[in-house]
Amino acid sequence: MKPTFFKIVVLLASFCAQVHATGLSSLERFVKNVTTGRAEFTQVVTAPPKDGQAARSKTSSGSFEFSRPNRFKFIYKKPFAQSIVADGQTLWLYDVDLNQVTARQQAKALGATPAALIATAPDLRALQVEYTLTDEPDKDGLQWLAATPKSKDNPLQSVRIGFKADVLAELEMLDSFGQKSVIRFIGFEANAKLSPGSFEFKPPLGADVIRQ
């Protein structure tokens, strides 16, 4: 059975969309169309060589959720329990082993961070205020873009974001000390139904709370 003209047009449009997909266009669609999301993640942090010693790496893992434009959380489960929660007003960092909570005003803490790139920015224009965004060549089956901070006070030298068919796949960060952090997202679920209290945080009883 010969394909109909309509089917041919649909297939051609799909092919063209894939051909012209770039990291920047994937980010634009991600910010525009994905209002909530969740995934598991692994993070590898590699310190630069020092005093003749080889570079050292540490691996951690956990879960990630966000609700645009200003709520997200990273829950680290291994090797140490730690929570980073943005509830829309306050950015909370909770170290379970130390039983210590650090609270910062969210508006001042997030504007030029990678969290803004993937979870809190309302649109691409808002990101371009803080970052210079440029496409990079596809690599490892992902569409990449680079985000270079415009502020000299930003602790990051560079950020790279990788998408696979418009799905968030990887985040790479290099800070001013030469430390590299790579976060790989696993099983990302776009526009997930999240619990209404998902981003609420209350300091545990007895925890030392530091407000900055």
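The values are calculated or read from the model by the stated rules, or taken from the named source; none is laboratory data. None of the values given here were measured: they were computed from a predicted structure. All Cβ positions, even for glycine, are placed from backbone atoms using ideal geometry, and neighbour counts span all protein chains on display.
Of everything in segment 147-189 that's over 13 Å from the mean Cα position of the chain (by Cα), among the aliphatic types (A, V, I, L, M) and in a strand (DSSP E or B), which residue is farthest from A109 (Cα to Cα)?
Step one: list which residues in segment 147-189 are over 13 Å from the mean Cα position of the chain (by Cα), which gives 148-158, 164-166, 174-180, 187, 189.
Among the residues that remain, those that are also among the aliphatic types (A, V, I, L, M) are: 156, 165, 174.
Filter again for in a strand (DSSP E or B), leaving 156, 174.
Working: L156: 14, L174: 18 Å.
Checked segment 147-189; the qualifying residue farthest from A109 (Cα to Cα) is L174.
List the pairs whose first member sits in segment 174-194 and is at positive phi, whose second member is buried (at least 17 other Cβ atoms within 10 Å of the Cβ), and whose Cβ atoms are under 9 Å apart, counting only residues at least 6 apart or on separate chains?
G187/R38; G187/A39; N191/V34; N191/T36; N191/G37
Sort out which residues of segment 100-122 are within 15 Å of the chain's Cα centre (by Cα) and either in a loop (DSSP other than H, G, I, E, B) or among the β-branched types (V, I, T) (or both), and write them in order of number.
G111, A112, T113, I118, T120, A121, P122
Does at least one position in segment 108-125 carry a residue that is surrounded by 14 or more Cβ atoms within 10 Å (Cβ to Cβ) and touching a Lys or Arg at 6+ places or on another chain (Cβ under 6 Å)?
Checking segment 108-125: not a single residue is surrounded by 14 or more Cβ atoms within 10 Å (Cβ to Cβ) and touching a Lys or Arg at 6+ places or on another chain (Cβ under 6 Å).
So if I check each of A169, A126, which one is touching a residue at least 12 places away in the same chain (Cβ under 8 Å), of a type in the set (G, A, S) and closer than 19 Å to E28 by Cα? Write out each step before concluding.
Working: A126 fails: touching a residue at least 12 places away in the same chain (Cβ under 8 Å).
Of A169, A126, the one residue that is touching a residue at least 12 places away in the same chain (Cβ under 8 Å), of a type in the set (G, A, S) and closer than 19 Å to E28 by Cα is A169.
Which of the residues spanning segment 123-146 are under 23 Å from R71 (Cα atoms) and either part of a loop (DSSP other than H, G, I, E, B) or among the charged types (D, E, K, R) (or both)?
D123, R125, E130
Would you mind listing the strands (runs of 3 or more DSSP E) fully within segment 29-82 where at least 3 residues are β-branched (V, I, T)?
Filter on segment 29-82 gives 36-47.
On the basis of being modelled with pLDDT of 90 or more, among the charged types (D, E, K, R), assigned to a loop (DSSP other than H, G, I, E, B) and more than 29 Å from P196 (Cβ to Cβ), does D97 make the cut?
In short, yes.
K73 fails exactly one of the following numbered conditions: (1) touching a helix residue (DSSP H, G or I) at 6+ places or on another chain (Cβ under 8 Å); (2) closer than 15 Å to F201 by Cα; (3) buried (at least 16 other Cβ atoms within 10 Å of the Cβ). What is the number of that condition?
Every condition holds for K73 apart from (1).
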